[in-house]
1. Given a 10 angstrom Cα cut-off, can you work out which residue in B:Gly65, B:Gly204, B:Gly110 is the most mobile in a GNM of chain B?
2. Hey, which of these cross-link pairs are over 29 Å Cα-Cα: A:Lys157/B:Lys117; A:Lys29/B:Lys27; A:Lys38/B:Lys111; A:Lys18/A:Lys315; A:Lys38/A:Lys217?
3. Would you mind putting B:163-173, A:253-263, B:232-242 in packing order, based on average other-beta-carbon counts within 10 Å, highest first?
4. Placing +1 at every Lys and Arg Cβ and -1 at every Asp and Glu Cβ, with all other atoms neutral, what dipole size does region A:403-569 have around its Cα centre, in debye to the nearest 20?
5. Hull surface divided by four, with the convex hull built on the Cα atoms of chain A: how many nm²?
6. So what are the three principal axis dimensions of chain B from its Cα atoms, in whole Å, longest to shortest?
7. List, by residue number, every residue in region A:514-541 with a reduction of 40 Å² or greater in accessible area between the chain on its own and the complete protein assembly, 1.4 Å probe.
8. Helix-only estimate, please: 222 nm mean residue ellipticity of chain A, summing -39500 (n - 2.57) across DSSP H runs of length 4 or more and dividing by its residues, to the nearest 500.
Amino acid sequence: MYLLVKQQQVARQNLDRKIFLEGLAGTGKTTAGIERVKQLLQAGVPPSAILVLVPQQATGLPWQDALRRSRAPGSAEVRVTTLGTLARELLELFWPLIAADTGCAQPLAPPRFPGLELSQYLMRRFVGGEIERRDYFRGVTISRNRLYTQIVDNLNKSALVGFPPEEIGSRLKSAWRGSSEQAFIYDDAQACASLFRAACLRHNLIDFSLLIDILRKNLWPLENARGYLTRRYRHLLVDNLEEDTPTLHDLLRDWLPQCHSALLIHDNEAGLRRFLGADPAQAHSLRALCDLGVTLDRRRAMSVDVAALHHALAKTQGREAGPMPKGGNGRAAIRWPGRARWHPQMIDWTVEHVARLVHEEDVAAREIVVVAPFMPDALRFALQTRLDERGVPHRSHRPSRALRDEPEVRALLTFARLAQPAAGLAPDRFDVASALLSAIEDLDPIRARLLADALYRDGGLLPFEHIRDTRLQQRITFQLGEKYDRLCSWLARVPAEQPLDLFFSAFFCEVMSQPGFGLHRRESAGATVANLVDSARNFRRLLTELDPEASVTADYLRMVEEGVLANQYLRDWELDRSEGVLLAPAHTFLMSNRPVDYQFWLNVGNSGWGRRVYQPLTHPWVLSRHWEPGRKWLDADEEAAGAESLANVALGLLRRCRKRVYLGISEYGERGMEERGPLLLALHNMQHHLSSGAADV
Amino acid sequence: MNLPEDFVFSQGNLQDYVDCPRRFELKYLRRQRWPAAEVDDMAAFERHLEQGDQFHRLVQQSLLGLPEETLRSRINDDEVARWYDAWLANGLAEVPAQRWPELTLTARLGKWLLLAKMDLVAIEPGGAALVLDWKTGRHQPRPERQAQRLQTRVYRYVLAEAGARLNGGEAIDQTRIEMRYWYAQHEGDVLRFPYDEDQYKADGRFLRDLAREIDSCEVFPLTEEVRRCRFCVYRSLCDRGEQPGSLAEWEGDEDMALPTDALDIDALDEIAF
């Protein structure tokens, strides 16, 4: 592979030194890092001694793919992982040595890891009642689930930043300068966080925040546990250091002096995960611990035209733009839409141009990304259906809908209610008809409704022969009636109290996926139901350990209905490596760390570009290490944070674009309101720089 | 050509291909998830897999030097305690002192890589080079059958091909290599499979041919041994039956059964605020 001289300094030389490599995204830092790993292997370093740390799994995919593709001996053995995964491994291995000191009430019992989905449930279980009783969060108008998420997030920040969880409320309050009512809400957030932590300790439940807390306080100070990592991994590579947290940075301060070699990779002008505790300033301070600093400043991803566009936008945003790229024409790298008044017109325009690129210009679909500040279901669905119509393959890093909204899942949930009347959750007639429609092949909505009307009685399904009206029998047909009977007799044989996950699995396999039934050979439905089975199994295993008397089935069904459980989640082996056009929120694409040829930015007028998501119970800046105690968060801070975020996202996107950006703009947004957000204003202002920039060409 | 350029072979995926090419295609090429049960008594099956996990962790902890009495006092499952006692009694009998627990090695296999994740590798300088695998299943296979399992062939082959770094940079002579299975449910019975140059060459040819066959085959047919389908999650997708087989008859490998729970800690950014 051709490498620039500075990349070679990292990739092929200094293999026994500690290097701090920095530069803007798209300057070839990760490429140099991957080459360094290959070089280390070639030099005889055992792959088991090399560790690549990334802030999240998706960021590790380019490393894994490139190393595997190289087919160099040992390349597939190199571990690419995250701090969270390492922490869990350490905790599981060394639990017997630390359990008594963690504060967990059952040190002789094993730890339990609820994961994200079940943390939401546990928050509701342990804290929900207290919120009702004490009327916490009066005046906060967000859903209960989002409220739980922010309490979890506060605990995570306390662990990752490294301050006691008891200080969450006081830190938030001390920066608040508004009404005293909001200040009380921070007290409520503190009370809930403390309650949740206490319950986790009582039941040995290690959620992410407690895991990180234990890593800092118990595992890392233990020589055995620390040595398990530091003796094993003598060659460290850390990518996107600026997107990682102070906990990792602290660990690296100890770890680096013990390494044989290290490469710390830092994206300048990033820090996109600040809302999850990323701390770019502290990340950069690790440079002082390295033997050598290397800065890459030559763009590798952006074409000269995109670089000119980047230059103009950086100037508009008040960022250091450097010299204008020679020969670059920023206007050639950007496509403004024709006059689009309404949102659907913008979507049509987008899809038309995507299809043209794929079908007429032979652009590989994987080289196109469609991003928006948020990717709500409606927008995703609109894009997906239109792309389908035009035969354009597409993919999405987040599933389009919550699991419970998938028809096959709704059907299974309904049949579970029918099969387990003891749960006391009989479905309504409409749901029964919908479930039959999903389950029986060739059944249409009218016949499904007729079946439900005629045979759904007192929470159960009667056999087909109970229809006395022969005309109605003939209308439904005996063939469909036979399938209906097969389904009913299967349900009648379900043992009382059969665990839900086993019910889902068996009903799917033995009935719904059999010939003549609705999910026969439906591969996508199989994958969806597999997620449901996982969700129900994890819930059952946790709840039966927590409370053997609990009514697992009824609880699970209720939680799914309320949206606490069975929101689809990404499993590691499902991380998307497929080839379609990527539809994703801008942040998700940025963190995937892969440049593409063409980008479509949608909802350009939306104020979500450059504005914090509304999070009344938490605050990424105030809960960081850099916030001066007692300082108030002012409007000027909000404005500065918004401007920084906008610049990081917009310029970050351009740095990951090789050829052209298409701007999706409509006068009226998804909700029919006129939109003139900060990105749109910035782009309009940029036109001036593009014009004047032309003189530099 | 069927395989992506970064495809990595393992004993698991090769065994799946040998057992049923269609299963290989669904599982590794199409990454198809299908939520059927492997066996009739899933509750017992799940418990058994958890016991297996617990036992493997105990052994790893023991090999890391955690005190025996601390580990033993925390076992809350009588069966696992019995297995662990048996392992303490003879699990490391005649096992050289240079040990690499939970070791992953890869070797080239034609255009691809072949990866082996081993419970323990132990090497005596100039002497025996052992690959050990702890088995917690009820079924102890006949030696002649186990000798033909891909695990036996792949692990020895990979150690011969890629074990030099464990041996001071020198390739390990095939005659020093032995694959050893230790059976927890059979009081620590052991099956040993020594290696030699002829077998090594035969394995190399066999594995390379197999990889080429997989890459070039136009259709991935269903297995002709229909009884296997009872224990395969894809049976309803392939129209090969409804009911799972009996747990008592299950002879599968616990290492290849249920996926471990994916830790979604790294998916933190997926939270919708």
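The values are calculated or read from the model by the stated rules, or taken from the named source; none is laboratory data. Nothing here was measured: the structure is a model prediction, and the numbers come from that model. Cβ atoms come from the backbone with ideal geometry, glycine included; neighbour counts cover every protein chain shown. Note: areas computed on protein heavy atoms with side chains; ligands, DNA, RNA excluded. Shrake-Rupley method; radii C 1.70, N 1.55, O 1.52, S 1.80 Å.
1. Of B:Gly65, B:Gly204, B:Gly110, the most mobile in the Gaussian network model is B:Gly65.
2. Working: A:Lys157/B:Lys117 36 Å; A:Lys29/B:Lys27 34 Å; A:Lys38/B:Lys111 17 Å; A:Lys18/A:Lys315 34 Å; A:Lys38/A:Lys217 35 Å.
As for pairs spanning more than 29 Å Cα to Cα, those are A:Lys157/B:Lys117; A:Lys29/B:Lys27; A:Lys18/A:Lys315; A:Lys38/A:Lys217.
3. Sorting B:163-173, A:253-263, B:232-242 by mean packing, highest first, produces B:232-242, A:253-263, B:163-173.
4. Here the size comes out at about 460 debye.
5. 33.9 nm²
6. Largest first, chain B extends 50, 49, 45 Å along its Cα principal axes.
7. A:Gln514, A:Arg521, A:Glu523, A:Ala530, A:Arg537, A:Arg541
8. Value at 222 nm, helices only, nearest 500: -14500 deg cm²/dmol.
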